[in-house]
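Here's the structure, in structure tokens; my notes come after.
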Amino acid sequence: MKVIKSKKILTMKGKEVLEGKYIIVENGIISDIVSKKPEGGEYVDASKMIVLPSFIDPSTSLGLAEEGAGFNYYDSDESTSPSLPQIRAIDAFYPKDPGIKDAIRGGISYFISSPGPSAVFSGLEGIFSVKGNSADEMVKKFPFALKLNMNHSARVHWHSQGKFPSTKMGIVALVREKFEKAKYYKKARQKETDLEMETIVKVLKGEIPLKVAVNTRDEIEKTLELKREYGVNIILQEAEDSYMVADLLRQEDIPVIVGPYFTAGRMYHQRHHYAKYIYSLYEKGILFALTTCHPVIPINYLYFESVLLVKIGIPELDAIRSITANPARILGMDSEVGTVEIGKKANLAFLSDDLYSLHSDVIAHMLEGEFVWKNF
Amino acid sequence: MLVLRGGRIFTGESFIDDGAIFIENGKITKVLKRKRIPSGAEIVDLKGKFILPGLIDAHTHIGMKDEAAPREYSNVNEATEPATPHLYAIDSFNPEDPAIKKAIAAGVTTVFITPGSANPIGGMGSVIKFRSAPLKEMILRKDAGLKIALGENPKLTYGGKNTFPMTRMAVSAIIRENFTKALKYAEKKKKETDIRLQNIVKTLRKELPCRIHCHSVQDIETALRLQEEFGFEMILEHASDAPMVVEKLKDRVIGIVVGPLFGISSKPESKNLSFKNPAIISSFGIPIAITSDHPFNAIYYLTIYAAMSYKEGLDETTALKTVTSTPAKFLGVEDRVGYIRRGNDADIVVFSGHPLDIMSRVETVFIDGVRVI
Amino acid sequence: MEKLLILKGGKIFTMEGKPLDEGYIIIENGKIDDIRDKMEIPAEADVINAQGKFIYPGFIDIHVHTGLWEEGANVEGSDGNEMVDPVTPHVRAIDGINFHDDGFKEAISSGLTTLNIMPGSANVIGGQGVIAKTIGEIVLNPSGIKMALGENPKRVYSSQKKMPATRLGNAFIMRKALQDTLNYIQKKGKDRHYFDFKLEPLVGLFEGKYPAKIHAHREDDILTALRIMKEFGIKFTLEHSTEGHLIADILAKECIPCALGPTISSRIKQELRNRTIETAKVYEEKGVLFAFVTDFPVIPHYALFYSAQMAVRRGLSEETALKAMTVNSAKILGLEDRVGSLKKGKDADLVITDREVFDPRFKVLMTIINGKIVYEHKTKEDLFI
């Protein structure tokens, strides 16, 4: 049993802030939160620290794009065919990617690692934790979603090769064709297993969602149409123009992964890629989570990145929610993580000082009840 | 209730002077030839003005490449496979294309958007109205015409890559092969939907026309030959050599979409491009629509293309029809747009003077009864 | 004669000694006239009330490509790398910059007032840089000759089947160009009409008119730069200096100024594998003169402060961190008489913020360049975040 004394706990349940409480951790779970120090157990004096749920990054290439080893070691993008739904991030996951240490130090407990972005269906992505010696040890849920790239970078890749699909309409036609084939595959009894079709059937059945990368307003609306037509669940990513159709997204309860910020050098289709536009998503009550898209920006900057949301007017607790409770909900893990609550996993980030204050930094990180980083 | 009173109205068919147009809930409820107006109406006085139905361009690629966007943003041509009947131009359409606001300011309110002419079978075109609304509410008719292309464009696209088709023979072969497959597919009635052949079947069943891009006389004759074999309805696009075989075309085509006419004939097949063509073709009783083929000619000068055709011999009424009622009929949306008449959408353009006078300006535009300009 | 402008502060970080808790800055004719802790404000003066706020010198970034790679413009707006010939000393950043680009608007709203804008690092010798205020006023042209070693030139040219394809080639190309320049100087000495447009800009290096600015990440590339510059007797600054902490003693001994960053970026290339936020702290310890940089548009101008914030959280002193965005930067550019601190006679380039710049929530409230207000924060719409 661990007994952790805290200065404040930002539980992420609404605006709740608990002062001076003790968090009791047993078997990796938060078993109690009390005002009086209990007897026994290992005492952890975090009495000057702010405790939060640890962070979750819903869109990275961690483990797939090994940092510092050069381009030959990037295994995230199987760019040889436009439709590869059946390839799996778990099969190329390298647990010693230096970025994972950065994630530990930055307070990120769980992350999604996705293949892509050149193929239209670029493969299956999964949820991983930062601790372990192999993909199988670190995996939390696989597959989580099928990655679908209906965005500029996919289209331009095929256009530059003179291969189908080189236009937006070509991409939509490819998606429809695969969905229609999968509908038929589902109904008939197949003698041979077609891995590609089996994967798409999972999406049509609602077993896994589509994680869709799109940029412009029309691409977003096209995705909503696919949702209506085929009954698939979608999560949007990139979606720079999402603020233009915020009402539609609210109506259909579509979650959006926003970011990364600390970026510049925008291409034409990214000209609305500014955090300030996210404010209207917040105003309309759309569920959104912030990402680093590591390695676009290093994953350990996730906490700093969330302060940019504060600068554009989003209240501090809601900014932190976008890297804790919100991604937990989007990942379907909110019964286990995302808030500091009795019964949930002890996935905790410790800040040296008040949230976003002058010198506050992640000073410790507890994953499922064990410290994976402790600097006090 | 909104009433537009006075001025000279072209209804899409004929003229009304000093009349009144009644608008309620986005629709035209009445068009009167006299001025008696009930109380409680909001009146807009259009004395001295010229009123047209919202203009229609029957052949554009607007929104498929944003105006002034970097070059890699073109989504007009899926030039990677010659037969793509399952593609929809609407899936390449960006309602935020800066050209759209300019088109509305010039009085164009409804367009047909279509894949380009790189492919022998390009895909399905749709009719869009420039509403400020989610994309799906902009669509007047999603399956409105299947783009077919003959002549130089497809064969140079693929021949340039040293792949089939590189001759006109092969372009026809691809079309005939796919249409034949579609015939057999329609007969068999398979369980599985073939989204490629399905769109061709729609033309075989005459649910919508083939929109056939052709310039030279041999390609027009190829279109006739294909129609004879498969029985679809067709509209010819551009058809620069149409005057040469115009007698053969009567009763074989729904009509011809003429344009883009501004500019030089840039290719051998379009050497007979001329503003004289509309008058010649029309004189044989074949309906014509005039197009900009935006962005090859700018959509916002549509009335000038009609004016040039008028200058070269087309009569006034037909010239005004080429950008209103005739394209509405070609696109199968005449019950919605192209006419100022009871029951149609209140899409109305007010010009300061005659629309075929280059000095006239668009002063007011109504879309669905709402003033947008 | 312009009206006097007076800033009533606010904590003033003059960067000339300790900060003032409260004070007045008097600005006249675009320059700082005086800084006092008490004064009677004359009636005809314009006053900006910055009480409760924080005042800093306009911040400086000594390594950016703002305007050379335009925001939202793809290849049509990319003018930073003339990558068809590895030696292009005759091309100038000033001829490729769009001073009306959004990148400059972001810089101004982020409190940056002076930038050193250079060609990219595709070429071994990339061209001439320029120092400009973020409003587009040219301060010094050329500011130096951009050079590069390491992976970039060899990756760009090996794919074109041209030299350089290896680090051997990188160094040879650099040395050959410098040797060619020496030969050219000799020829000019004998025949005063002799002129070579391409090599002429490199003559300035030998005359000490401006430095070479050498992009290098890995320690071996840094040492190669040092070796070659010593061979030819040319002064240089080190750009990025990613592995500089491994050879900080040498950098200190040889007095090589370093542009450090961008640190908020991935280790996408092998030569970046030892990129660490701790480099700044090592430089501080060993006495290496350095300034933080963003290499815009690799990261936005506002990320300059977050790079500094992270370094402070990992042990760098706040004092050095601030210097590394102001006085150090000015010194490395040779502009310490004009910018980098608040002192009588210097340009009136100032930034007013609502919190200290090491507070992640800080906002730039106002940016002043040459004594004129060029940015005032009103709503989130004027942010470029």
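Within the stretch C:85-114, restricting attention to residues that are among the aliphatic types (A, V, I, L, M) and in contact (Cβ under 8 Å) with a residue 60 or more places away in the chain, the residue that is farthest from the other protein chains (Cβ to nearest Cβ) is C:87.
Residues in the stretch B:170-178 include at least one that is under 18 Å from residue B:114 (Cα atoms), buried (at least 17 other Cβ atoms within 10 Å of the Cβ) and touching a helix residue (DSSP H, G or I) at 6+ places or on another chain (Cβ under 7 Å). For the stretch C:360-380, a residue qualifies if it is within 10 Å of chain A (Cβ to nearest Cβ) and in a loop (DSSP other than H, G, I, E, B), and the qualifying residues are C:360, C:361, C:362, C:363, C:379. Looking at (1) over 21 Å from residue A:214 (Cα atoms); (2) assigned to a helix (DSSP H, G or I); (3) without any contact (Cβ under 8 Å) to a residue 24 or more places away in the chain, which one does residue A:103 not meet, given that it meets all the others? Among (1) over 21 Å from residue A:214 (Cα atoms); (2) assigned to a helix (DSSP H, G or I); (3) without any contact (Cβ under 8 Å) to a residue 24 or more places away in the chain, the lone unmet condition for residue A:103 is (3). Across the stretch C:217-260, the qualifying residues are those that are outside any helix (DSSP H, G or I) and either modelled with pLDDT under 95 or β-branched (Val, Ile, Thr) (or both), and the one among them that is surrounded by the most Cβ atoms within 10 Å (Cβ to Cβ) is C:242.
For the stretch C:269-298, residues that are assigned to a loop (DSSP other than H, G, I, E, B) and either in contact with a helix residue (DSSP H, G or I) (Cβ under 8 Å, 6 or more places away or on another chain) or not assigned by TED's automatic domain parsing to the domain that holds residue C:335 (or both) total 13. The residues of the stretch C:16-34 that are surrounded by 21 or more Cβ atoms within 10 Å (Cβ to Cβ) and of a type in the set (A, V, I, L, M, F, W, C), listed by number, are C:25, C:27, C:32.
Rundown of residues vs (1) more than 9 Å from every other protein chain (Cβ to nearest Cβ); (2) β-branched (Val, Ile, Thr); (3) outside any loop (DSSP other than H, G, I, E, B), yes/no style:
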{"site": "A:266", "(1), (2), (3)": "no, no, no"}
{"site": "A:280", "(1), (2), (3)": "yes, no, yes"}
{"site": "A:286", "(1), (2), (3)": "yes, yes, no"}
{"site": "A:302", "(1), (2), (3)": "yes, no, yes"}
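Per this entry, residue B:104 is counted among residues that are assigned to a helix (DSSP H, G or I) and of a type in the set (A, V, I, L, M).
Scanning the stretch C:360-381 for residues that are without any contact (Cβ under 8 Å) to a residue 40 or more places away in the chain and either among the hydroxyl-bearing types (Ser, Thr, Tyr) or within 30 Å of residue A:351 (Cβ to Cβ) (or both) gives C:361, C:363, C:379, C:380.
Determine, yes or no, whether residue C:282 is within 14 Å of chain A (Cβ to nearest Cβ) and in contact with a His (Cβ under 6 Å, 6 or more places away or on another chain).
Taking the combined requirement at face value, the residue does not satisfy it.
For a quick check of your reading of the model, give me the residue pairs whose first member lies in the stretch C:58-75 and is within 12 Å of another protein chain (Cβ to nearest Cβ) and of a type outside the set (A, V, I, L, M), whose second is surrounded by fewer than 24 Cβ atoms within 10 Å (Cβ to Cβ) and part of a strand (DSSP E or B), with beta-carbon atoms closer than 8 Å and at least 6 apart or on different chains. Within 8 Å, the pairs are C:69/C:78; C:70/C:78.
Within the stretch B:31-58, the set of residues being of a type outside the set (A, V, I, L, M), within 27 Å of the chain's Cα centre (by Cα) and not in a loop (DSSP other than H, G, I, E, B) comprises B:50, B:53, B:57. When the residues of the stretch B:190-215 are filtered to those that are more than 14 Å from residue B:85 (Cβ to Cβ) and within 14 Å of another protein chain (Cβ to nearest Cβ), the one that is surrounded by the fewest Cβ atoms within 10 Å (Cβ to Cβ) is B:191.
Taken over the stretch A:250-275, the criterion of being more than 13 Å from residue A:290 (Cα to Cα) and among the hydrophobic types (A, V, I, L, M, F, W, C) is satisfied by A:254, A:264, A:267. When residue A:166 is tested against the conditions (1) among the hydroxyl-bearing types (Ser, Thr, Tyr); (2) part of a loop (DSSP other than H, G, I, E, B); (3) at pLDDT below 95, the lone failure is (3). Taking each residue of the stretch C:285-310 that is more than 10 Å from chain A (Cβ to nearest Cβ) and in contact (Cβ under 8 Å) with a residue 24 or more places away in the chain and looking for partners that are outside any helix (DSSP H, G or I) and of a type in the set (Asp, Glu) with beta-carbon atoms closer than 7 Å, six or more apart or interchain, yields C:293/C:61; C:304/C:61. Checked against the criterion of being farther than 30 Å from residue B:118 by Cα and of a type outside the set (Gly, Ala, Ser), the candidates B:21, B:56 yield just one match: B:21.
A Cβ distance below 8 Å, combined with a sequence gap of six or more or placement on separate chains, defines the contacts here; from the stretch B:275-301, residues that are in the same structural domain as residue B:250 (by TED's automatic domain parsing) and in contact (Cβ under 8 Å) with a residue 40 or more places away in the chain reach residues that are part of a loop (DSSP other than H, G, I, E, B) and charged (D, E, K, R) in the pairs B:278/B:312; B:286/B:250; B:295/B:65; B:295/B:67.
The values are calculated or read from the model by the stated rules, or taken from the named source; none is laboratory data. Remember, predicted model here, so these are calculated numbers, not experimental data. Note that we place each Cβ from the backbone using ideal geometry, even for glycine, and neighbour counts take in every protein chain shown.
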